[in-house]
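All remarks here apply to the structure that follows.
The values are calculated or read from the model by the stated rules, or taken from the named source; none is laboratory data. Please read all numbers here as calculations on a predicted model, not as lab measurements. Heads up, the Cβs are rebuilt from the backbone with ideal geometry, glycines too, and the neighbour counts pull from every protein chain shown. All accessible areas refer to the heavy atoms of the entire protein, side chains included, with ligands and DNA or RNA removed. Shrake-Rupley method; radii C 1.70, N 1.55, O 1.52, S 1.80 Å.
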Amino acid sequence: MSSSKRTTRALLLVQKMLEAHESEISCSECAEKMDCLAELKVVGKTPEGALEAIERHVECCHCCAAEFEALLAILKMESSAETHEA
Amino acid sequence: MPDRTNDQWLTDLRSSSEERDSALHDLRARLQRGIFFYLSHERSDLAGLAPEELQHMAEDFSQEAILRVLDNLDSFRGDSQFTTWATKVAVRIAISELRRSRYKDFSLDALTAEGDLRESNLTSINSTPPDRPETVTEKSEVLNRVQEAFREVLTPRQRAAMEAIILEGIPLEIVATQLGTNRNALYKLIFDARRKLRLRLSEQGMSPEYIMDLFES
Ligand SMILES: [Zn+2]
């Protein structure tokens, strides 16, 4: 890697680090409650309190986001399958 | 598939009769369907795999999830539907496995080996139009400060980890393994580093906007 590319990367890293918002929730706490958040989201409700904090974590943690989006996609599929059956 | 309440799921899965077999059968079908949907609809990186292969993966992940669910029945508090909770377990297993196999050749040391950033080629970052001499000086100054701040907040290895996670989107757990730590601790490290970096740079009168403007102009 050239040194100018490294410089650019360092600056990009600073930018990304500074612009990201913060969530003090850990990934484990997020994992514990993301099923509740996903159920709320499937029915289009806005999370409050503890679940709002989980949502903030999901927004700034790309790993938890991937897991949450996967769960949400499956729940939506299940809920539309149930609507079709009914 | 019969609709069970959360209590029925727990009772059936804890029983030692036909109810248990039937509950396991239904749970397995549910998880397989969900994971197969995820693998086939939500993962463009797996688009080259045949449906049978995805189905096979879905079966494996679901089987592992069932074992974990059964081991952890006591930790289910009933805050969500039992099937949602079990799907969450299965999703985590599937994604973790996929991450491990996708990044099996990733090496943090390769990133660290690139060394510290240097300012020698600073003027070439934005070579058109060429910077005025005072801009070059200002950039060099800011870059030194940024570098100092980084050194204060992170070790070179931690900074490489940060680059891997933030710039390249490498999953936390992959980087955590290579750092000999865990995902929670690594998330905390990033969180603390962000806070310290922000504080340190703002103490020196350098806002994120100022820094980026300087190098983008
Ligand atoms: Zn997380």
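Cβ-Cβ under 6 Å, sequence separation 6+ or interchain: first residue in segment B:179-199 and facing chain A (nearest Cβ under 7 Å), partner in a helix (DSSP H, G or I) and open to solvent by 30 Å² or more (accessible area, probe 1.4 Å). Which pairs?
As it stands, the answer is B:R183/B:E173; B:N184/A:S28, since those pairs meet every condition given.
Of the conditions (1) within 16 Å of the ligand (Cβ to nearest atom); (2) surrounded by fewer than 21 Cβ atoms within 10 Å (Cβ to Cβ); (3) over 18 Å from A:S28 (Cα atoms); (4) charged (D, E, K, R), B:R194 fails just one. Which one is it?
Only one criterion in (1) within 16 Å of the ligand (Cβ to nearest atom); (2) surrounded by fewer than 21 Cβ atoms within 10 Å (Cβ to Cβ); (3) over 18 Å from A:S28 (Cα atoms); (4) charged (D, E, K, R) is unmet by B:R194, namely (2).
Yes or no: B:P156 under 30 Å from the mean Cα position of the chain (by Cα) and open to solvent by 40 Å² or more (accessible area, probe 1.4 Å)?
Against the criterion (under 30 Å from the mean Cα position of the chain (by Cα) and open to solvent by 40 Å² or more (accessible area, probe 1.4 Å)), B:P156 qualifies.
Collect the residues in segment B:62-82 that are open to solvent by 20 Å² or more (accessible area, probe 1.4 Å), in contact with a helix residue (DSSP H, G or I) (Cβ under 7 Å, 6 or more places away or on another chain) and not in a loop (DSSP other than H, G, I, E, B), keeping them in residue-number order.
B:E64, B:R68, B:L70
Keeping to segment A:24-57, report how many residues are touching a residue at least 24 places away in the same chain (Cβ under 8 Å) and in a helix (DSSP H, G or I).
Residues that pass the stated criteria total 15.
When you scan segment B:139-149, do you find a residue that is away from the ligand (no atom under 14 Å from the Cβ), more than 18 Å from the chain's Cα centre (by Cα), open to solvent by less than 30 Å² (accessible area, probe 1.4 Å) and basic (K, R), even just one?
yes
Return the total of residues in segment B:6-46 being open to solvent by less than 80 Å² (accessible area, probe 1.4 Å) and assigned to a loop (DSSP other than H, G, I, E, B).
3
Any chance you could count how many residues in segment B:166-175 are free of Cβ contacts under 8 Å to residues at least 40 places away in the same chain and either in a loop (DSSP other than H, G, I, E, B) or open to solvent by 10 Å² or more (accessible area, probe 1.4 Å) (or both)?
Adding up the residues that qualify gives 4.
Just name the residue that is surrounded by the fewest Cβ atoms within 10 Å (Cβ to Cβ) out of those in segment A:19-38 that are small (G, A, S) and modelled with pLDDT of 80 or more.
The qualifying residue surrounded by the fewest Cβ atoms within 10 Å (Cβ to Cβ) is A:S28.
Would you confirm whether or not segment B:166-173 contains a residue that is on the phi > 0 side of the Ramachandran plot and of a type in the set (G, A, S)?
yes
Is there a residue being more than 21 Å from B:F82 (Cβ to Cβ), open to solvent by 40 Å² or more (accessible area, probe 1.4 Å) and within 15 Å of the ligand (Cβ to nearest atom) anywhere in segment A:68-77?
For segment A:68-77, residues more than 21 Å from B:F82 (Cβ to Cβ), open to solvent by 40 Å² or more (accessible area, probe 1.4 Å) and within 15 Å of the ligand (Cβ to nearest atom): present.
Among the listed residues A:K41, A:K5, A:K16, A:K45, which satisfies the condition of being more than 7 Å from chain B (Cβ to nearest Cβ), open to solvent by 30 Å² or more (accessible area, probe 1.4 Å), within 30 Å of B:R151 (Cβ to Cβ) and away from the ligand (no atom under 15 Å from the Cβ)?
Testing whether each residue is more than 7 Å from chain B (Cβ to nearest Cβ), open to solvent by 30 Å² or more (accessible area, probe 1.4 Å), within 30 Å of B:R151 (Cβ to Cβ) and away from the ligand (no atom under 15 Å from the Cβ) leaves just A:K5.
For segment B:200-217, what are the residues that are at negative phi and more than 10 Å from chain A (Cβ to nearest Cβ)?
B:R200, B:E203, B:Q204, B:Y210, B:D213, B:S217
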